[in-house]
1. Starting from the stretch 62-102, pick out the trypsin sites (Lys or Arg not before Pro) whose DSSP state is loop and whose Cβ has at most 14 other Cβ atoms within 10 Å.
2. Using θ = phi - 60° and the Karplus curve 6.51 cos²θ - 1.76 cosθ + 1.60, what whole-Hz ³J(HN,Hα) does each residue of the stretch 27-35 get, with Gly and Pro shown as x?
3. Quick one: compute the contact order of the stretch 58-210, relative version, from alpha carbon pairs under 8 angstrom and 6+ residues apart, as a percent.
4. Put +1 on the Cβ of each Lys and Arg and -1 on the Cβ of each Asp and Glu in the stretch 3-208; which of 163, 139, 8 then has its Cα farthest toward the positive end of the dipole?
5. Give a residue-ordered list of calculated ³J(HN,Hα) values for the stretch 84-96 (Karplus: 6.51 cos²θ - 1.76 cosθ + 1.60, θ = phi - 60°; whole Hz; x for Gly, Pro).
6. Applying the Karplus parametrisation 6.51 cos²θ - 1.76 cosθ + 1.60 with θ = phi - 60° to the phi angles of the stretch 101-114, what ³J(HN,Hα) value in whole Hz is obtained for each residue in order, glycine and proline being reported as x?
7. If the convex hull of the alpha-carbon atoms of the chain is projected onto planes in all directions, what is the mean projected area in square nanometres?
8. If R0 is 35 Å, what FRET efficiency do you get for residue 150 and residue 114 from their C-beta distance, rounded to 0.05?
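Just so it is clear, none of the values below were taken in a lab; they were calculated from the coordinates. Predicted, not measured: the structure shown is a model, and the values here were computed from it. Cβ sites come from the backbone with ideal geometry, for glycine too, and all protein chains shown count toward neighbours.
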Amino acid sequence: MNSFELFVIILFWMSWCVLHSAMISLSVTSYLKRRLGESFKYYRLFFNVTSLLTLIPLYLVSLNMKGELIFSWSGGLRVLQLTVFACSLLFFILGAKHYDLANFLGFSQITSGKNNAVMSESGKLDTSGILGITRHPWYLGGLMLIWSSHQDLYTTKFWINIVLSGYFIIGTLLEERKLRCELGQSYIDYSRQVSMLFPFKWLQTKLSHR
């Protein structure tokens, strides 16, 4: 794989990330909500379908593009890789217990007509369980997953991971903006107690109590 091919595939990944983030941004969703009115209830489902249909071919093409080997989880690092991978799955599983999956997929918006930034079943702030450790367990799980899902890290995978890491961080910040607008002071107070991604505040609390 030459430098031009690497540049093109990375450009496509960046374009996908920008499109995905823009479609769910507060400015775009607020505009569409005003313009579409009641039909806006279908937007979340449309967003998910569009994201998936554009992601699949990009992912399949990327699988055949490797480049040079720059890092390998080998020896004792293999244990660390598997630990990080297992933790990423745990964050997804524990997060799913607190999120309304029908809301996440866009089905509950169609049936109820409500579009909340909060993904809990009640539509209210939930700070229990894993959400008392990190405010965004799925974004954290995604970050950990992309860096631990393959034993060998090739040039293409490395740069795709860099792009996706930026996407997860930007996506988290966009989500934060929507949640602060919707929940106000209660979310601000929550963010002071619980870390946005990596649970530094939770660890600090645990260590201070020893």
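1. Numbers: sites: 66, 78, 97; in loops: 66, 97.
Passing both the DSSP loop test and the Cβ count: 66, 97.
2. Once rounded to whole Hz, the list reads 5, 5, 5, 5, 5, 5, 5, 5, 7.
3. Values: 143 pairs, mean separation 49.3, N = 153.
Relative contact order of the stretch 58-210: 32 percent.
4. In the stretch 3-208, that residue is 139.
5. Karplus-based 3J(HN,Hα) across the stretch 84-96 equals 5, 4, 5, 5, 5, 5, 4, 4, 5, 5, 5, x, 5 Hz.
6. Rounded to whole hertz, the list is 5, 5, 5, 4, 6, x, 7, 5, 5, 5, 7, 9, x, 9.
7. Answer in nm², one decimal: 13.6.
8. In this case the efficiency is close to 0.35.
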